Structure formats: C-alpha cells, structure tokens
Amino acid sequence: MLRFLIRRFLALIALLIATSIVTFLLFFAGPSDVAANSCGKGCTPERIQQARVALGLDKPLVVQYLEYMKGLVAGREMGPPNGRYWCSWPCFGTSFQNNRPVWDIIKTALPFTLSIAIGAAAIFLIFGVGIGVTAALHRGKWPDKVAVAISSLGVSLPAPFIGLLFLWIVVSKWQLLPYTSNTVTSPWNPDPWTWFKNYLLAWLTLALIFGANYVRLTRANMIETMGEDYIRTARAKGLPSRTVTLKHGLRAAITPVVTVFGLDLGALLGGAVLTETIFSVPGLGRTAVNATFNQDLPIVMAVVLFSAFFIIFANIIVDILYAVIDPRVRLN
Amino acid sequence: MTGAERVAIDVEAVTAEPASDAFLSVRDLQVQFPTEDGIVQAVNGINLDLARGQTLGIVGESGSGKSVTSQAILGLLKGTSAQVTGSITLDGQDLVRASEADMQKLRGDVMSMIFQDPLSSMHPFYRVGDQIREAYLVHNHVGKKAAHQATVDMLRRVGIPNPDSRYRDYPHQFSGGMRQRAMIAMALICNPKLLIADEPTTALDVTVQAQILELIKDLQREYNSAVILITHDLGVVAETCERVLVMYGGQCVEMGTVDEIFYHPEMPYTWGLLGSMPRMDRTRQARLQPIAGQPPSLIQVPKGCVFNPRCRFTDRVPGNACREVRPDLVAAAGSHPVRCHIDSAERKRIWSSEIAAKL
C-alpha cells in the first residue's frame, strides 16, 4: 500500500510538471505577442520593447519557463531593470491590468469557488446516489419513472437556463432568497445560514446538471449489481434485504460513481464558469473569464494551472480510494 | 427390496400426499416467468420427496429447470417477477406461502445452497472469513469473537490450511478449489438440515472435484442433512446419490434409484444422456452419441411429449400420441416412474436389445 501511494504521488508530480510545460508553451510560445498585450492598446514600439525586457520575454523560452517555475516554488525577482522587486512564492507574476500579484487574486477568488463546489458536490452526490438507488430498487414503477424523467431534464437543460429560471422566479418574483453577495466567502463569514442562502441557488443549478448523471449512473450500476451472483449468495445466507441492498449491493455499485465524483469535484474546484457568471460569484471561473477578455495572461495561466492541479489531484485521490474500496486493485 | 414394495414407494412419491418420512416435499411445483416474448414455463409440475440423510440428484441439460427448482425451494424467487405455485413443504412448513421474513430465517440456517461459480458467487470486496461469519452472525445470537472462532473452525473443517490467516484473504486470493471449499463452509456454517448443491464441481478439475464431493458426503453424514445435488454430470450422480430425478423441459421425465436410472432406464431422453457420457469402465467405442436437436423453447413448449421433437422412438407408439398427448409420469408394475408413451415392456426391450449393448 505504501509503495502504491509513493508511485501515485510521483505520478502526480510528473503530471503537474508536464501540464505546466504545455500550459506555458500554449501561452508564451503562441502567436500572440505577450509584451504587446501587457502594455495595452496604443503602445509605442519602444514601450513594448521595455515591457519585453521587464517580463523577461527577451530570454530563451527554456529560461523563461524555469524562471516561472522557480517563482512558483521559491519566489523570484521581477519588474523592469530600474524597478526590480521580489515576488515571493508561490509567484504567478502580476496582473497586466493593475499589477496586483496574481496569487492575491487567486486567494481572493478561491473561497467563492470552494463554497460553490463543495456545497453543490454534497447535494448532487447525496441526492444523485439516493435517487439512483431508489429508482433501481423500484425499477419500472413510479419512483423509477419520476427519477428517470428528472434526470433526463437535468441532463438536457443548459446551466444558464436553469440558473436564470431560478434567479427570475425565486429571487425576483417570489423574493425568497437574496441576490448573491460578493462578501459571503465561507460558512463562518458571516454565518452558516447566510452562507447557505447565498449559495443555495447556485448549488441547486449545479446539482441539477451534475446530479442527473449520478442518478443514471447509480441506477444502472445498482440494477446490474443486484443481478450479480454474490447478491443471490447474500440472500441465500438469509441476510435481511436492507443488508443485501446496502452492504452488498451499494458497496459494489458505488465504485464507478466514486470515479466520476472525483473528476467532477476536481473540475468544479477549477471554477464553474457559467454558474459563477450567472450568479455573479467572483470565483476562479469568473476571474478566468474576465482575464481572458482582458488578455491578462498571468491570471489565465494561473487559473489553468490551478484547474489542472485540482483535476490531477482528484484523479490521484480517486485512484487511492479505488484501492481502498476494491481489494483486487491493491495487488497491482 | 421386492418389486412390489418398490412400486408402492415410487407411486407414493408422485401422489398428492407428502411421504410421511419426507423432510422436504415438493408437490406440483410450477414456476413461470412473464417476459416480453411470452410466459416462460421454467418448471412445470415437479414432485419430489427427500428424507434427512438422503441425497437426491437432479440431472438435465441447461435450461431444463434444475436451478430454478432449487431457487424456488430456497425462496430466492420471491420478490422477482417469477410466479411460483404448487407446494413446497419443509419440515411441515409451507414455503410457497411463507413470508419473506420467515424465509430469511430459514435461508442459510435450516436450508442453504452451494452455488456453481464460487468466484462470482462471493463478494469481491469482502474478506472470505467475514462473508462466512456474516452467515453465522445473522442466525446465531453470539458476539463477533465467537462467530469468528466458529468461522475459523468451519474453514478448518472444510480442509483449508492455515484457516486463521486465510480468514483474512479476499476471494480472488483463493484458488478455485479453495473458493469452493469456502462456499461450502459458508453454506454449512449454521449446520443446515437441507443442503442444495447447484453444480458444485462444474468449474473444478477432476481431483479437486472428487475431494469436494467427498467433503460434501462427509459433512452430510456428520450433520445428517438432506442433500439435493444438481448437476449435468452423470458420473457425479452415480457416485454420490441414492435417487435421481431426470429433468427435461421443466418436467420430471424419469425418477428412480441410481440403479434404476443407470441400469434400467426407460425414457428415451435418459438413454440419450447415458449415451453421451464417456465411460471409463467399458471398452472405448467409436463415438459418443449426442442427443440430436436443441432443448425445447420454454415459451412454446412442444405439444404432446416435451421430448418428442428429438425422440428417435416416436414410431414405436401407435397413432400420433407422442405429438398430440402429454404423457403422465407413471410407474408401471415392477418399474419406476417414467413419462413416456411407449409401453413399459417395450421400453425395457428397447433398452436391453438396442441401447445398452451399444453403450
């Protein structure tokens, strides 16, 4: 088990390095002129040249990349020759727009994204699996039909539609919930109830879209598992049907759900672009979108790296969870 | 045993009243599965009696209704789409009408089952020992420690070396023979009075097969259990059972003692089974003789005798009875119950002059 963990951890680091190289090349070796972008519109060639030197873009790509990575893990010196300053680790550079350190911007946006991702994930996991199991156990009867209908709806409706519908009806018309605020960042800031009300609609929007998938996946797996020989054995032992369903059935049926959940959570932590935009939540997704419009390369680069990190990390966690769930995986 | 006595016992076996010494008694068991293509008549009117300490073999091709019969007895068809009618009486209790809660108490305790493929029949995520212990815990009011000890003892009893450490293994870490031993331990941990073994040796090699059968026989003697052995291996039946029930198309087509079925079979299907079995005790002949044709569809069961489309002897019956009239399971004087239109004396003659000589 320890060797397994070490191997997975090394794979994590290797993948992160590979991702950072690809991302870096995508932005800094691409066709767009980074120096011109940083300098803004109506910039003279001399100013662009100054910007190029200030950003270190006159050096070879390899040196630029190593500088960037050094900044990430140890911090580095930045700025024009006459105004060098120390950017401490993790240094993602500064925004082209307002010179704010990118790390500060990320740190501000992260709690919003965390709030959305974790709340939504909890809702769609619990309800998705719960409804999926219920549907499987009542296959062909009304609970199954209702579940399949709701999940088809959730899968087919786009996030903006559901989100705007919620906003229009619940917030504008009925005024049951407040508009989302820019200051509520966590359950203890200011308090859990405010936090809950603030994010509920965003959670429900994401839960409807993601949860539909869980209903279908859980239902299909559960139906398949309940037809397995070992379920018949469990019944033949005289176990109560509750034990048969949950301990023997769900335990096996949940395995593929864990994989999908890990990847979904990883993706959500990288920012739910559409949902954050609709509900005006200043999370990572919205930060990335704004930065893209402004061609603010250091921010885009940082958000991409962060998303990649979350997805890779989620993958590793899923791998480890798999070994915990399924003893057959541990051998290899 | 004289001929007259034997008739008396066998006729009793197919009448409506359960035999007085029977521990398990099945009467007119019917199992139907409604499907989109029509109703599957998986089991159609099975009668059988079994006393404690006895072993009954049920033989037949895949799809003849052997496994469905056993699952109906264990009540595993409750809660599925299957419709079970008739009566199954175990120690005086009617299992067809019993509630699922009552069946739960019986299953794994009074009656239990050894399944065919032990790898897919054990949960891949739980330790072998824990799966056996679970069966013990649900029927005995003891602590986990006592249940653990009972499990280790049972593992040792079925011949698993180092049961203390093997307890902690997962099914995939066991060999095929070990897994089947563990399955047997699981089935026998509560000391059942009725044991149904559904093709317990099918996936195993011959040496392990013999060990497993020997083990089942030993444990049967020790606990005085009634055993139903379901198999398509006639060799296994000859070694293990006292009585045999031959199934075809959901019906019992012939029933008798091992001697009667192997040395005086009267149903053309049984002849076919014996003809397609390799024999080590005879000189080798050119070819085994398979039964021509396919098993019948259980949705559109053939009219007349279920076996008639594949039977080579339909011309021995006057008229078109084989294709028109469903034969009853009857025992002629001095014989055992057979479902066939051919006259009993003629059947005996065909067996001794035309069939037995060629086997």
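None of the figures in this text is laboratory data; all of them are computed from the coordinates on show. Everything quoted here is computed from the prediction, not taken from an experiment. Methodologically, a virtual Cβ is constructed for each residue, glycine included, from the backbone with ideal geometry; neighbour enumeration extends over all protein chains shown.
Taking amide H as placed 1.01 Å from N in the peptide plane, residue B:114 has its amide H under 5 Å from the amide H of B:196, B:197, B:198, each at least 5 places away in sequence or on another chain. Can you tell me what percent of all Cα-Cα pairs in chain B are more than 24 Å apart? Percent of Cα pairs beyond 24 Å in chain B: 59. Please identify, among A:15, A:66, A:239, the residue showing maximal mean-square fluctuation in a Gaussian network model of chain A using a 10 angstrom Cα cutoff. Highest fluctuation among the options: A:239. Cβ-to-Cβ counts within 10 Å put B:204, B:29 in ascending order as B:204, B:29, the fewest first. Sequence-ordered 3J(HN,Hα) estimates for the range A:132-142 from the Karplus curve with 6.51, -1.76 and 1.60 and θ = phi - 60° stand at x, 5, 4, 4, 5, 6, 10, 3, x, 8, 4 Hz, glycine and proline given as x.
Label-to-label distance for residue A:14 and residue A:58 is 3.9 nm, based on points extended 7 Å past Cα in the beta-carbon direction. Here the contact order of chain B, divided by its residue count and restricted to Cα pairs under 8 Å and six or more residues apart, works out to 20 percent.
In terms of other Cβ atoms within 10 Å, B:291, B:216, A:118 run from fewest to most in the order A:118, B:291, B:216. In sequence order, the range B:288-293 has phi-based couplings of 6, 10, x, 7, 5, x Hz under the Karplus curve 6.51 cos²θ - 1.76 cosθ + 1.60, θ = phi - 60°, and Gly or Pro positions carry x.
The H on the amide N of residue B:226, modeled in the peptide plane, is under 5 Å from the matching H of B:53, B:194, B:195, each at least 5 residues off or on a different chain.
Counted over chain B, the DSSP beta bridges are approximately 60% antiparallel. When both the range B:231-248 and the range B:188-214 are represented by their alpha-carbon centers, they are found 14 Å apart. Overall, the range A:2-87 carries a charge dipole of about 400 debye about its Cα centre when +1 sits on the Cβ of Lys and Arg and -1 on the Cβ of Asp and Glu, all other atoms neutral. For the range A:28-157, the spread of Cα positions along the three principal axes, ordered from largest to smallest, is 75, 31, 27 Å.
For the protein assembly as shown, taking the reciprocal of the average inverse distance between every pair of different Cα atoms yields a Kirkwood hydrodynamic radius of 31.0 Å. Straightening the chain between residue B:279 and residue B:323 buys 12.6 nm, computed as 0.36 nm per residue apart minus the Cα-Cα spacing.
The ranking of A:1, A:301, B:186 by Cβ neighbour count inside 10 Å, starting from the fewest, reads A:1, A:301, B:186. Springs between Cα atoms under 10 Å define the GNM used for chain A, and in it the highest mean-square fluctuation of A:286, A:216, A:139 occurs at A:139.
Taken residue by residue and averaged, Cβ atoms of other chains lying within 10 Å of the Cβ of B:114-125 number 5. Across the range B:132-282, the fraction of Cα-Cα pairs farther apart than 24 Å, rounded to a whole number, is 42%. Quick one: net charge around residue A:47, please, counting Lys, Arg +1 and Asp, Glu -1 for every other residue with C-beta under 14 Å from its C-beta. Once all neighbours under 14 Å are counted, the net charge is 0. With θ taken as phi - 60° and the Karplus curve 6.51 cos²θ - 1.76 cosθ + 1.60 applied, the whole-hertz 3J(HN,Hα) list for the range A:111-119 is x, 5, 5, 4, 4, 5, 5, 5, x Hz, x standing for glycine and proline. At a threshold of 8 angstrom on Cα-Cα distance, excluding pairs fewer than six apart, so keeping six or more, what relative contact order does the range B:198-266 reach in percent? Result for the range B:198-266 is 22 percent. By the Kirkwood approach, averaging reciprocal distances over each pair of separate Cα atoms, the range A:105-325 gets a hydrodynamic radius of 18.9 Å.
For chain A, averaging the sequence separation of C-alpha pairs within contact (under 8 Å, six or more residues apart) and dividing by the residue count gives a relative contact order of 22 percent. For the range A:2-87, the C-alpha radius of gyration divided by 2.2 N^0.38 Å, with N the number of residues, is 1.39.
Computed over the alpha-carbon atoms, the range B:67-156 gives an Rg to Rh ratio of 1.01, Rh here being the Kirkwood radius from the mean inverse distance. A dipole drawn for the range A:105-325 from +1 and -1 charges on Cβ atoms has a positive end, and of A:134, A:150, A:196 the residue lying farthest that way is A:134. Pull out the extension gain between residue B:315 and residue B:202, defined as 0.36 nm times the separation in residues minus the alpha carbon to alpha carbon distance; nm, one decimal. Length difference between fully extended and current span is 37.0 nm.
Here's the picture: a label point sits 7 Å out from the Cα of residue A:108 along the beta-carbon direction, and within the range A:162-189 the residues with their amide nitrogen under 17 Å of it are A:181-186.
Comparing B:208, B:142, B:227 in a Gaussian network model of chain B, where Cα atoms under 10 Å apart are tied by springs, the biggest mean-square fluctuation is seen for B:142. Taken over the range A:195-237, the convex hull of the Cα atoms encloses 81 Å³ per residue.
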